[in-house]
Amino acid sequence: MLPTGVFYHESFSKRSYLTIGTRLQDFPAAFERLKQYENFRLIECPRVDEKLILQVHDLSLLEGVKRDPLCSTAWHSAGGVVLAGEMVYEGKLRNGFCYIGAGGHHAGRSNFWGYCCFNDVVLSITNLRNKFGMLKFAILDTDAHHGDGTRELLSNDSNTLHFCICGSNYVSKDKTKIDVSYWNLDREGYVNVVKESFCEMAKEFKPDLIYWYFGHDTHVGDYGDIGLTVKEYVKIAKIMKDLAKEICNERLIVVLGGGSVSYIAKESTLAIIEELLKP
Ligand SMILES: [Zn+2]
Ligand SMILES: [Zn+2]
C-alpha cells in the first residue's frame, strides 16, 4: 500500500492565524499515535512559489498578506497543499492530510479574510494543471462557513465541482457549483448529504482528484458549532476514501480548514488520518 502523506510545519503550532498559535499546540508530539502505521509518512510543508500565487491572486493580495503578521504561516500552509496535490496525483502517495497555519477558502482574487490568506486548494489545482494539463477536480467543503473565495476563483471553471455545505442553498446553471444548507439537518442528515448528494454528483463528474476542505469549526463547542462530532468526521472520511477508490485511483487530499479548540483539532485530525491510513 502506498503511504498516506501528512503535511505539517512546526510554525503551524507556534504562530498560526487561528487563535494565534494554540490550536495545534499538541503537535508534532501528537503524531506519536500514528507511528504504529507503516504507511504513515510525515512531510514538512515547503513554501509556496510566489509565481504560482500570482497566477491565482492579484499582486495587491500578495502584498496585503506580506503586511499581515497573522498570515506569517500562509506560504507553508499553501505550500503543503500544493506539494500534496503533486505527490498524490503522481502516485507517490495514496492520499494526504494537510495541516495549515492559515486557512484558504475565504481568499479570493484580491481579498482575504476570516483566518484565510492564500487559497491553498485553488493554488494546488492551478499547479497540477500547469504540470499535467486540464485535469478535473471535485471539492467538498465542510467547514462551517461558505467557501466564498474558492467559489469566486472557480466561478468560470466548469472542470471543477465545488460542493459546499454551509448556511444557504444554491445550484449553478451548469450544476458544478453547489451549496447545501445545514439548517434542518441533524448529524445523520449531514453525513447523508455527503454520502448521497455529493457522492452521486462526483461519480457523474469523474474528477481526477478530490479535495476535502474539512474544518472542525462545525464541532460541538467550536466557533462554528453546528452540532457535529468526531464520529461524523470519521464517517465522512470513510465515505470520501471509498469514493476516491471508486472514481479516481484513491486520490484524496484533506485540508484542515477552520476551527480553534485544540483538543478538537487533535482528536478530529488524528481520527481522520487514521481512517486515511486504513486499507
Ligand atoms: Zn469556517
Ligand atoms: Zn457554501
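All of the numbers you see were taken from the coordinates with simple rules; none came from a lab. These figures come from a predicted structure and were not determined experimentally. Here the Cβ positions follow ideal geometry from the backbone for every residue, glycine too, while neighbour counts run over all protein chains shown.
Out of all DSSP beta bridges in the stretch 4-277, what portion is antiparallel? Express it as a percent rounded to 5. If you can, show how the numbers build up before the last one.
Details: 2 of 35 bridges.
Around 5 percent of the beta bridges assigned by DSSP in the stretch 4-277 are antiparallel ones.
Put a dot 7 Å past each Cα toward the Cβ at Asp49 and Phe132; how far apart are the dots in nm?
My value for the distance between the label points is 1.6 nm.
In the stretch 1-107, with Lys and Arg counted as +1 and Asp and Glu as -1 at Cβ, which of these residues, Leu2, Val48, Gln25, has the Cα nearest the positive end of the dipole, that is, farthest along it?
Result: Gln25, furthest along the dipole toward the positive end.
Within the stretch 60-155, list the chymotrypsin sites (Phe, Trp or Tyr not before Pro) lying in a DSSP loop whose Cβ has at most 12 other Cβ atoms in a 10 Å radius. Numbers along the way, then the final one.
Working: sites: Trp75, Tyr89, Phe97, Tyr99, Phe112, Trp113, Tyr115, Phe118, Phe132, Phe137; in loops: Tyr99, Phe112, Trp113, Tyr115, Phe118.
Those that pass, being in a loop and sparsely packed, are Trp113.
Using +1 on the beta carbon of Lys and Arg, -1 on that of Asp and Glu, and nothing else charged, what's the dipole of the chain about the Cα centre, debye to 20?
It comes to approximately 480 debye.
Taking the Cα centre of the stretch 62-201 as origin, sum charge times position over the Cβ atoms of Lys and Arg (+1) and Asp and Glu (-1), and report the length of that vector in debye to the nearest 20.
Details: 14 positive and 16 negative charges, 78 e Å.
The calculation lands at about 380 debye.
Asn111: net charge of surrounding residues, Cβ under 12 Å, Lys/Arg +1, Asp/Glu -1, itself excluded?
-2
Could you tell me what % of all Cα pairs in the chain have separations over 28 Å?
Percent of Cα pairs beyond 28 Å in the chain: 26.
How large is log10 I(q)/I(0) at q = 0.17, 0.24, 0.26 Å⁻¹ when the Debye formula is applied to the Cα atoms of the stretch 229-279, each weighted equally and without solvent?
These q points yield log10 I(q)/I(0) values of -0.51, -0.91, -1.02.
Ala144: net charge of surrounding residues, Cβ under 9 Å, Lys/Arg +1, Asp/Glu -1, itself excluded?
Once positives and negatives cancel, what remains is -4.
May I ask you to sort Ile100, Ile239 by Cβ crowding, counting other Cβ atoms within 10 Å and putting the fewest first?
Numbers: Ile100 30, Ile239 20.
Placing the least packed residue first, the sequence is Ile239, Ile100.
What ³J(HN,Hα) values, in whole Hz, does the Karplus curve 6.51 cos²θ - 1.76 cosθ + 1.60 give for the stretch 219-229 when θ = phi - 60°, with x put for Gly and Pro?
6, 3, x, 8, 6, x, 2, 10, x, 7, 9
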